[in-house]
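Heads up: the structure comes next, in structure tokens.
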């Protein structure tokens, strides 16, 4: 009952002024932004429906169909946006880390964990949330789902490959080792979210990064 009430409250919004000709792209962006706001405020993907998003934006529900054929299509756009934001954050931290490959790899891993901690509902939705549809009954395809996260994985692979090329880690298969490293980071991010009272050891993230990236001894 409380979740339903929160969803109803968060879904309400002012009536939107109709877009001028040629501003349909802005409406699409507003729809996605409204869905993200609902997710942040309610913590429940089930709060994101065509009707709730329409109310949030201030439009009639049928107007959404010009941009999204169904609710899973909205959720896909939400997840794509969040992966793009995560990728931007990773690239920004890599640039700030300087030229040392080991520091750049640590920057990627730290930025990843920080994103998961700052945006727990978005992170959960990005990685296996309730929104994932039956592809036979939605507008989405296997290609849509398979491509999610490709950009962020490429950043991690590149950072690990640079470490290997510089002799700072023992990886001979950066793509494979990057997947192992991501699984470790993802596991830590998930468990931190669901077990906040667990007495996490100091430096647990460092241990995961050093072991799974196969880093040589050295300072970060």
Let me spell it out: the conditions are (1) over 21 Å from residue 122 (Cβ atoms); (2) in contact with a helix residue (DSSP H, G or I) (Cβ under 8 Å, 6 or more places away or on another chain); (3) not assigned by TED's automatic domain parsing to the domain that holds residue 157, and residue 62 meets all of them except one. Which number is the exception? (2)
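When the residues of the stretch 58-71 are filtered to those that are part of a helix (DSSP H, G or I) and crowded, with 20+ Cβ neighbours inside 10 Å, which remaining residue is modelled with the lowest pLDDT?
Step one: of the stretch 58-71, the residues part of a helix (DSSP H, G or I) are 61-66, 71.
In the following step, the residues that additionally are crowded, with 20+ Cβ neighbours inside 10 Å were identified as 64, 71.
Working: 64: 94, 71: 91.
My answer is 71.
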Just wondering, is there one or more residues in the stretch 97-106 that are surrounded by 20 or more Cβ atoms within 10 Å (Cβ to Cβ) and either at pLDDT below 90 or outside the structural domain of residue 168 (by TED's automatic domain parsing) (or both)? no
Which condition number does residue 118 fail, the rest of (1) crowded, with 18+ Cβ neighbours inside 10 Å; (2) in the same structural domain as residue 190 (by TED's automatic domain parsing); (3) within 20 Å of residue 148 (Cβ to Cβ) being met? (1)
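For the stretch 87-99, state whether one or more residues are assigned to a loop (DSSP other than H, G, I, E, B) and either within 22 Å of residue 146 (Cα to Cα) or in contact (Cβ under 8 Å) with a residue 40 or more places away in the chain (or both).
Within the stretch 87-99, the subset assigned to a loop (DSSP other than H, G, I, E, B) is 98-99.
Narrowing further to those that are either within 22 Å of residue 146 (Cα to Cα) or in contact (Cβ under 8 Å) with a residue 40 or more places away in the chain (or both): none.
Among the residues of the stretch 87-99, not one is assigned to a loop (DSSP other than H, G, I, E, B) and either within 22 Å of residue 146 (Cα to Cα) or in contact (Cβ under 8 Å) with a residue 40 or more places away in the chain (or both), which makes the answer no.
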Could you go through the stretch 176-192 and let me know if any residue there is out of contact with any strand residue (DSSP E or B) (no Cβ under 8 Å at 6 or more places or on another chain), in a helix (DSSP H, G or I), under 22 Å from residue 87 (Cβ atoms) and modelled with pLDDT under 95. yes
Surrounded by 15 or more Cβ atoms within 10 Å (Cβ to Cβ), more than 20 Å from the chain's Cα centre (by Cα), in the same structural domain as residue 154 (by TED's automatic domain parsing) and at pLDDT below 95, is that true of residue 138? yes
Name the pairs: first residue in the stretch 165-177 and surrounded by 13 or more Cβ atoms within 10 Å (Cβ to Cβ), second residue at pLDDT below 95, Cβ to Cβ under 7 Å, at least 6 apart or on different chains? 168/216; 168/218; 169/216
Considering (1) under 20 Å from the mean Cα position of the chain (by Cα); (2) in a loop (DSSP other than H, G, I, E, B); (3) over 30 Å from residue 206 (Cβ atoms); (4) free of Cβ contacts under 8 Å to residues at least 60 places away in the same chain, say which one residue 128 fails and leave the rest. (3)
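Please specify each residue of the stretch 138-169 satisfying the condition of being outside any helix (DSSP H, G or I) and in contact with a strand residue (DSSP E or B) (Cβ under 8 Å, 6 or more places away or on another chain). Step through it out loud before you land on a result.
Looking only at the stretch 138-169, we keep the residues that are outside any helix (DSSP H, G or I), and these are 138-141, 147-149, 166-169.
The answer is 168, 169.
The values are calculated or read from the model by the stated rules, or taken from the named source; none is laboratory data. None of these values were measured; they are calculated from a predicted model. Ideal geometry is used to build each Cβ from the backbone, glycine not excepted, and the neighbour counts take in all protein chains shown.
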